[in-house]
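Following: one structure in structure tokens, then a few remarks.
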Amino acid sequence: MTPKEIIVPESHNYIAAFLTLGCNLTCSYCINHFGSTGPGARLLSGPEWVTGLNRIVTREDLPITLQGGEPTIHKDCIYIINNLKPEINVDLLTNLQFDIDRFMGEVSPDRIKRDAPYASIRVSYHPEVMELKPLMENVLRLQNGGYSIGIWGVMHPSQSVEIEKAQKECIAAGIDFRQKEFLGECEGRMYGTFRYDGACDKKEKKSVQCMTTELIIGPEGGVYRCHSDLYEGRTPVGSILDPEFQIEEIYRPCDYFGHCNPCDVKIKTNRFQQFGHTSVEIKIP
Ligand code: SF4
Ligand code: SF4
């Protein structure tokens, strides 16, 4: 049976394919440690990812973002990038701890490039576990090779000084370096601006109705209501391997409000540059 196309609705702002939740680094503040789903769950193979993702019909300004964990530790990451249909734009979120020569030899710069106000390969810089100089050298190699690439530094309170310093150095070297807001708790204080009071404080579990504007696909092909569901290993609402799977723009009942992930309820700017958007809409009784 030929799997049905998955048409991404106009309302959707993000498509994430989490190739793995595993990583080759160990940042102390990693959001992948938020929940209980660790690496070790079944991973889709490269051909399975390609079959599932190639069903997606999306807009030019809405790429599929390959992320994780660290997506490049999936053994078929390059295969996936090279076998997605050309009309699908691809972005890559990575810590760049991979074989740059192999990547440049096998992936054309045009495969990960599009007209957008930010780079398609978005490198995360983690001063706690990474050296800046070699990272800059690798970014410049890719940049000079024609790849759309930039570095992002998370403004975690423990490393904001390092990030500011690195940003100055990178900009002076001609590298696009941006700061990313830290979301979550650090030393008893919650960082981030959230739309719904109590959504992330983990005090109680409330029953609500919730609707998402993101297509979140986990390492085993499951489609999740939100990042919290993915990281906590809750039952997905569908699978990209189910030939009948379609995105439904509906409110779903959820009994975990209070344990939402900051990514889902953070107030941000949407693709129309309107501030006040959140990835999920929640009806709280
Ligand atoms: S590089 Fe990213 S995914 Fe890996 S441990 Fe650090 S924060 Fe987590
Ligand atoms: S209420 Fe929170 S935990 Fe429940 S689906 Fe929505 S974002 Fe996820």
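The values are calculated or read from the model by the stated rules, or taken from the named source; none is laboratory data. This one's a predicted model, so the numbers in the text were calculated from it and none came from an experiment. With ideal geometry, Cβ positions are generated from the backbone for all residues, glycine too; neighbour counts draw on all protein chains shown. Ligands, DNA and RNA are stripped out before the accessible areas are found, and what is left, the full protein with its side chains, is counted by its heavy atoms. Shrake-Rupley method; radii C 1.70, N 1.55, O 1.52, S 1.80 Å.
Over the range 197-257, with the other protein chains present, what is the accessible area per residue in square angstrom, probe 1.4 angstrom? Don't jump to the answer; show the numbers that get you there.
Details: 2820 Å² over 61 residues.
Dividing the accessible area of the range 197-257 by its residue count gives 46 Å².
When the solvent-accessible surface of protein heavy atoms is calculated with a 1.4 angstrom probe, in what order do Lys85, Lys113 fall, highest first?
Numbers: Lys85 45, Lys113 85 Å².
So the residues, ranked largest to smallest area, are Lys113, Lys85.
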#### Entry: Contact order relative to length of the chain, as percent, for alpha carbon pairs under 8 angstrom and 6 or more apart
22 percent
### Task
Express the relative contact order of the range 126-285 as a whole percentage, based on alpha carbon pairs under 8 Å and six or more residues apart in sequence.
22 percent
### Task
Would you work out what percent of the accessible area of the chain, with all protein chains in place, is carbon or sulfur (probe 1.4 Å)?
51 percent
### the range 31-164 - accessible surface per residue (Å², probe 1.4 Å)
43 Å²
### Query
So which lysines pass the test for Lys85, namely a Cα distance under 18 Å, with those fewer than 8 places away in the same chain ruled out?
Lys4, Lys113
### Which of Leu142, Pro219, Ile163, positive extreme of dipole for the range 132-246 (C-beta unit charges)
Ile163
### Summary
Quick shape summary for the chain, equivalent ellipsoid via Cα gyration tensor, semi-axes whole Å in descending order, reads 28, 25, 17
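If you take every DSSP beta bridge fully contained in the chain, what fraction is antiparallel? Give it as a percent rounded to 5. Each step should come with its number before you reach the end.
Working: 18 of 44 bridges.
Of those bridges, close to 40 percent are antiparallel.
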### Query
In terms of the Cα gyration tensor, with a ≥ b ≥ c the square roots of its eigenvalues, is the range 164-265 rounded because a/c is under 1.5, prolate because a/b exceeds b/c, or oblate?
oblate
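With the cut-off at 1.5 for a/c, could you classify the range 71-227 from its C-alpha gyration tensor as rounded, prolate or oblate? Intermediate results must be reported in sequence, preceding the final value.
Values: a/c = 2.25, a/b = 1.27, b/c = 1.77.
Cα axes put the range 71-227 in the oblate bin.
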### Query
Using heavy-atom solvent-accessible surface (probe 1.4 Å) with all chains present, what is the largest-first order of Glu106, Glu220, Glu131?
Glu131, Glu106, Glu220
### Task
Give me the distance in nm between label points sitting 7 Å out from Cα along the Cα-to-Cβ direction at Glu164 and Ile100, one decimal.
2.8 nm
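At 222 nm, what helix-only mean residue ellipticity would the chain give, in deg cm²/dmol to the nearest 500, using -39500 (n - 2.57) for each DSSP H run of four or more? The partial results should precede the final answer.
On the way: 7 runs with 58 residues, N = 285.
Roughly -5500 deg cm²/dmol at 222 nm, from the helical runs in the chain.
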